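See below for the structure under consideration.
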Amino acid sequence: MSRRRPAAHAGRRSPRAGLRSRARAAWPAVTGTGAAASATLGLLVLICTFVAVSVPRASLGYRTAVLQRAFAAVPTTQKTVLADSDLSGLGEPPLSPAQLEAARVQLAAGLHRDGLPLAAPTGRWQWSGLATGSSVLLGATAPALRHLGPPQLELLYRSTLASQSTVVAGSLPTKVEQDARSATFQVAVTTATAARLGVRVGSRLRTAGQTLVVTGIVRPVRPASAFWTVDPVAPAPQLTQIGVNTIPFLSTAAFVGPAEMEAVQSKLSAESLHLLWGFPLDLRSVTADQAAGLQRALQALSFLPALSSVSMSLPAGSAGVNGTQGASSPLAVALSNGLTVILAPFVATDDAVQRALSLLFVSLAVIAAVVVLLGARLVTLHRDREFTMMRARGSSLRQLALVALRGGAVVVLPAAAVAVAAAVAVTPGRADGWPTSRWSAPRSAGWSSCASRACHRPAASTCSPRRRRCSWRYRWPCWSCAGTPSCCACSAGRPGGGAAS
């Protein structure tokens with residue numbers, strides 16, 4: 001009777017089956033007689049690490065969400081640092097647009113050094129400008145003006161007008177015509193201003209002894225931005241009434257071009273003149289933990305003259321601060337921001353809440369440490385006979401510690417890594433943020449590694465009196481290194497039989 005030859009592939013084993021068998025054989029080799037207890041320790045580390053990471057991250061995420069909602073609710077003007085300098089009556093030479101831009105760069109550098117999150121790109125969002133005082137406007141033909149007092153007009157220069165507006169009709173101002181006593185300025189007005197005043201491209205107006213020719217009508221881009229809301233009359237006229245018995249009138253504004261800025265200062269030197277700079281803040285990445293520092297930086301702005309770290313100068317070639325060689329006093333610049341009104345109550349409330357939450361975090365840390373220590377003690381009790389046998393066969397405390405550390409690390413480190421990944425995935429903290437609590441995942445892992453060695457005590461019959469005296473100092477874990485994941489547990493083992501108490 002012929003015997004069937006086995007198939008050629010019958011003796012082959014699949015790679016997956018071989019991997020499972022090797023892992024099944026390696027598990028008891030690493031964990032020894034405490035395989036089930038090691039799995040329990042891994043589960044405890046997983047739970048404790050998840051709690052230690054997720055609770056502080058969730059707290060930071062929720063607090064930051066509340067702060068961001070508060071930022072979103074305030075007007076853009078409050079989220080902008082404004083710099084203002086009064087030029088009235090200084091008698092200095094006119095300033096050019098290039099000098100204003102140089103001063104803007106210096107101010108922005110000072111604000112950046114003070115830690116303020118300025119919006120980028122700076123060339124798009126930051127701006128410099130000039131504003132004149134209001135004066136009576138003549139030449140407006142809107143029928144509604146017959147029932148109101150004479151409208152008031154202020155002239156504005158803004159460096160980024162071209163990028164912050166869309167030209168609807170005509171073109172932006174480009175030149176000025178001057179004579180000995182007066183000048184003819186080209187101006188641009190918004191669509192709302194043109195409709196309320198009844199002007200169009202080519203209209204001629206008069207104000208403060210100067211002639212204005214409307215060359216362009218523009219529509220604001222992002223009308224809610226600080227560029228348009230810093231001066232409420234810039235986008236549209238505002239109805240103003242000074243007193244109860246006075247006739248209301250329209251307050252409005254018109255824009256001049258860069259080529260006209262020096263002429264405005266020369267011809268309107270008797271009027272009120274103000275230099276303006278706007279520095280919008282980018283608050284999207286500000287977290288609740290950074291709110292207090294931001295509040296201190298913003299509060300310091302109101303106490304900073306132009307000579308502090310936030311400083312400026314207006315050089316004309318090699319001239320001094322005020323455009324003359326050497327020697328006038330520095331130009332005073334006032335910095336202001338309305339965000340402190342929002343940050344002050346938030347920081348105070350957050351501090352009060354964090355005092356209560358810190359007690360919760362400490363309690364969770366203590367509970368986690370106790371649970372992990374009990375789990376490590378359970379592993380040690382299950383491996384007590386194994387360790388006793390190893391000591392009887394001549395193993396040193398170092399060898400015993402390495403075996404205990406290897407068995408604990410194989411279980412603890414993967415469990416801690418999985419717990420951290422899961423906590424980061426399910427909590428609304430920052431993408432690069434970590435728990436702010438002192439007791440986080442690395443401490444849990446370190447406690448379990450230390451405890452798995454600290455709770456063991458070899459049999460008394462295997463130790464000499466000298467060994468007994470030397471090993472007594474390793475009764476408890478090493479407190480100085482217990483907070484790191486690479487912590488090696490100090491070998492426990494006070495001789496005397498049984499488990500250490």
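A few comments on the model shown:
- Filter result for Val55 (closer than 30 Å to Ala409 by Cβ, aliphatic (A, V, I, L, M) and open to solvent by 20 Å² or more (accessible area, probe 1.4 Å)): yes
- Counting only residues that are closer than 13 Å to Val176 by Cα and outside any helix (DSSP H, G or I), segment 256-284 holds 2 of them.
- Test: residue in segment 142-154 that is part of a strand (DSSP E or B) and surrounded by fewer than 17 Cβ atoms within 10 Å (Cβ to Cβ): no
- Residue count for segment 338-364 satisfying the condition of being surrounded by 19 or more Cβ atoms within 10 Å (Cβ to Cβ) and touching a Ser or Thr at 6+ places or on another chain (Cβ under 7 Å): 1.
- Residue count, segment 204-226 (criterion: assigned to a loop (DSSP other than H, G, I, E, B), open to solvent by 40 Å² or more (accessible area, probe 1.4 Å) and on the phi < 0 side of the Ramachandran plot): 3
- Among the residues of this structure, Ala416 does not count as one that is surrounded by 18 or more Cβ atoms within 10 Å (Cβ to Cβ) and farther than 30 Å from Arg57 by Cα.
- Within the option set Thr191, Thr229, being surrounded by fewer than 22 Cβ atoms within 10 Å (Cβ to Cβ), at pLDDT 95 or above and more than 21 Å from Leu268 (Cβ to Cβ) holds for one residue only, Thr191.
- All positions within segment 386-405 that are under 19 Å from Thr40 (Cα atoms) and either of a type in the set (Val, Ile, Thr) or at pLDDT 70 or above (or both): Glu386, Val403, Leu405
- Residue identified as surrounded by fewer than 21 Cβ atoms within 10 Å (Cβ to Cβ), out of contact with any helix residue (DSSP H, G or I) (no Cβ under 8 Å at 6 or more places or on another chain) and either under 27 Å from Val81 (Cα atoms) or not aliphatic (A, V, I, L, M) (or both) among Ser272, Ser163: Ser272
Quick grid of which residues meet (1) closer than 30 Å to Ala195 by Cβ; (2) touching a Lys or Arg at 6+ places or on another chain (Cβ under 9 Å); (3) basic (Lys, Arg):
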site	(1), (2), (3)
Arg69	no, no, yes
Asp86	no, no, no
Pro94	no, no, no
Ala98	no, no, no
Arg113	no, no, yes
Leu116	no, no, no
Thr122	no, yes, no
Ala142	yes, yes, no
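- Pairs linking a residue in segment 108-121 that is more than 13 Å from Pro280 (Cβ to Cβ) and open to solvent by less than 40 Å² (accessible area, probe 1.4 Å) to a residue that is among the aliphatic types (A, V, I, L, M) and at pLDDT below 85, with Cβ atoms under 7 Å and 6 or more positions apart or on different chains, are Gly110/Val310.
- Within segment 173-198, the set of residues being touching a residue at least 60 places away in the same chain (Cβ under 8 Å) and either of a type in the set (Asp, Glu) or not in a helix (DSSP H, G or I) (or both) comprises Pro173, Thr174, Lys175, Val176, Gln178, Ser182, Ala183, Phe185, Gln186, Val187, Ala188, Val189.
- Lone unmet requirement of (1) in a loop (DSSP other than H, G, I, E, B); (2) open to solvent by 50 Å² or more (accessible area, probe 1.4 Å); (3) more than 20 Å from Asp289 (Cβ to Cβ); (4) not acidic (Asp, Glu) for Arg124: (1)
- Filter pass, Arg457 being over 30 Å from Ser285 (Cβ atoms), at pLDDT 70 or above and surrounded by 19 or more Cβ atoms within 10 Å (Cβ to Cβ): no
- Among residues of segment 367-384 that are in contact (Cβ under 8 Å) with a residue 60 or more places away in the chain and open to solvent by 10 Å² or more (accessible area, probe 1.4 Å), those with a beta-carbon under 8 Å from a residue that is among the basic types (Lys, Arg) and part of a helix (DSSP H, G or I) at least six positions away or on a different chain give the pairs Ala369/Arg443.
- Any hit, segment 343-365, residues being in contact with a Lys or Arg (Cβ under 9 Å, 6 or more places away or on another chain), in a loop (DSSP other than H, G, I, E, B) and at pLDDT 80 or above: no
- Here Gln265 clears all of (1) open to solvent by 50 Å² or more (accessible area, probe 1.4 Å); (2) touching a residue at least 60 places away in the same chain (Cβ under 8 Å); (3) not aromatic (Phe, Trp, Tyr) except the condition numbered (1).
The values are calculated or read from the model by the stated rules, or taken from the named source; none is laboratory data. Since we're looking at a predicted model, the values are computed, not measured. Heads up, the Cβs are rebuilt from the backbone with ideal geometry, glycines too, and the neighbour counts pull from every protein chain shown. Accessible surface areas use protein heavy atoms only, side chains included; no ligands, DNA or RNA. Shrake-Rupley method; radii C 1.70, N 1.55, O 1.52, S 1.80 Å.
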